[in-house]
1. Determine the pairs where a residue that is farther than 21 Å from THR173 by Cβ and in a strand (DSSP E or B), located within the range 295-324, has a partner that is modelled with pLDDT of 95 or more and of a type in the set (Val, Ile, Thr) with Cβ atoms under 7 Å apart, the partner being 6 or more residues away or on another chain.
2. Give just the number: which of (1) touching a Leu at 6+ places or on another chain (Cβ under 8 Å); (2) in a helix (DSSP H, G or I); (3) not hydrophobic (A, V, I, L, M, F, W, C) does THR199 not satisfy?
3. Can you name every residue in the range 198-213 that is modelled with pLDDT of 95 or more and either acidic (Asp, Glu) or crowded, with 24+ Cβ neighbours inside 10 Å (or both)?
4. Yes or no: the range 131-138 includes at least one residue that is within 23 Å of ASP296 (Cα to Cα) and at pLDDT 95 or above.
5. Restricting attention to the range 121-142, report how many residues are part of a strand (DSSP E or B), touching a helix residue (DSSP H, G or I) at 6+ places or on another chain (Cβ under 9 Å) and either on the phi > 0 side of the Ramachandran plot or crowded, with 16+ Cβ neighbours inside 10 Å (or both).
6. Please tell me if ARG335 is surrounded by fewer than 19 Cβ atoms within 10 Å (Cβ to Cβ), touching a residue at least 12 places away in the same chain (Cβ under 8 Å), among the basic types (Lys, Arg) and more than 17 Å from VAL151 (Cα to Cα).
7. From the list ARG101, ARG60, ARG64, pick out the single residue that is among the basic types (Lys, Arg), in contact with a helix residue (DSSP H, G or I) (Cβ under 7 Å, 6 or more places away or on another chain) and in contact (Cβ under 8 Å) with a residue 60 or more places away in the chain.
8. Does the range 70-81 hold any residues that are touching a residue at least 60 places away in the same chain (Cβ under 8 Å) and of a type in the set (S, T, N, Q), and which are they?
Amino acid sequence: MLTVTAAQEEFAPRGTYLNTASLGLPPARTLDALRHALDDWRVGAAQAPDYDAPLDSARRTYSRLVGVQPEQVAVGSQVSAFAGLVAAALPDGAEVLTAERDFTSILFPFLAQHARGVTVRSVPLDGVAEHVRDQTTLVSVSAVQSADGAVADLDALEQACAATGTDVLLDTTQAIGWLPLDASRFAYTVCAGYKWLLTPRGTAYLTVRPDRRLDHLVPHLAGWYAGEDPWTSIYGPPLRLAPDARRFDVSPVWHSWVGAQPALALLEDVGTRQLHTHAVGLANRFRDGVGMPATDSAIVSVAVAESATAALATGGVTAAMRDGRLRLSFHLHNRDADADHAATVLRPHLASP
């Protein structure tokens, strides 16, 4: 296992970077891999099949991070595309339950099914489990809310859905990389890699639990890469899809996967438990510094005055405004000094909640 301190040597943030929830910082090994791949491309030494190896390795590493088998993982480039597969498979008149103000990539695909009688009910996050009912076909919700870092009660959700036979589509984009999570507990999970997984934009994952029939989801996005053997699925019929979740693969953004493989390997080397302790510990260190109670999230949402924008710029702190509040996110590259500095900068600029 790699220590957090050793892993931090691979990062070089300018100032105090607390915006992983928007865009993760790449480790040095990712930049090295990309430079090598780009050099090969530039001189004509790159061959298309060469990109299969880093993608396959990333798929396997991701499967271990989320507790499933590699054959349960499909790869693509966007969460919404995978959510759309699930949305299109819903029966006419289905009811979908979601959290109020959840990220629209797992909301819009279901709202777009309105013409088929699909209805979407939105309830407060802390009430999702208690609002699951017999007629609820699917719950589509984020494990961690993008706007404020609130963590869903996954145990309560799993129990409520088991009692009613309701499937769950769980968006783990703001969770995997710092929050220990077992994707095998849920029918479907989706995750974008360019935030907490520290990879270039253009990587995303879908997991499908083995007890869900693969032919229930129509692979509307199927192309050559969804074939059982992609390099013999390039021309002509018949349809010859992979027998497992790879049938939902989307033709990969090659260089994004070159960068993804080493970043995921670094996270695995550090270990999810250590990542969780580190990130949540720093977030709570910041909370304590500004007089906020501790929580179980690596994301902090705080009300600030308008003067905070200038203070952040002067203090070299990078964060994001989301849903009218300042969002700060703490990850592997951050240190105690980052939490302390951010608290010092923001303390005079807090607003009433």
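The values are calculated or read from the model by the stated rules, or taken from the named source; none is laboratory data. Note that the structure is predicted; figures quoted are calculated from it, not measured. All Cβ positions, glycine included, derive from the backbone under ideal geometry; neighbour counts span all protein chains shown.
1. Filtered contacts from the range 295-324: VAL302/VAL290; VAL317/THR16; VAL317/VAL345.
2. (2)
3. LEU198, THR199, THR203, ALA204, TYR205, LEU206, THR207, VAL208
4. There is no residue in the range 131-138 that is within 23 Å of ASP296 (Cα to Cα) and at pLDDT 95 or above.
5. Within the range 121-142, residues that are part of a strand (DSSP E or B), touching a helix residue (DSSP H, G or I) at 6+ places or on another chain (Cβ under 9 Å) and either on the phi > 0 side of the Ramachandran plot or crowded, with 16+ Cβ neighbours inside 10 Å (or both) number 7.
6. It is true that ARG335 is surrounded by fewer than 19 Cβ atoms within 10 Å (Cβ to Cβ), touching a residue at least 12 places away in the same chain (Cβ under 8 Å), among the basic types (Lys, Arg) and more than 17 Å from VAL151 (Cα to Cα).
7. ARG64
8. Residues satisfying the conditions are GLN72, SER77, GLN78.
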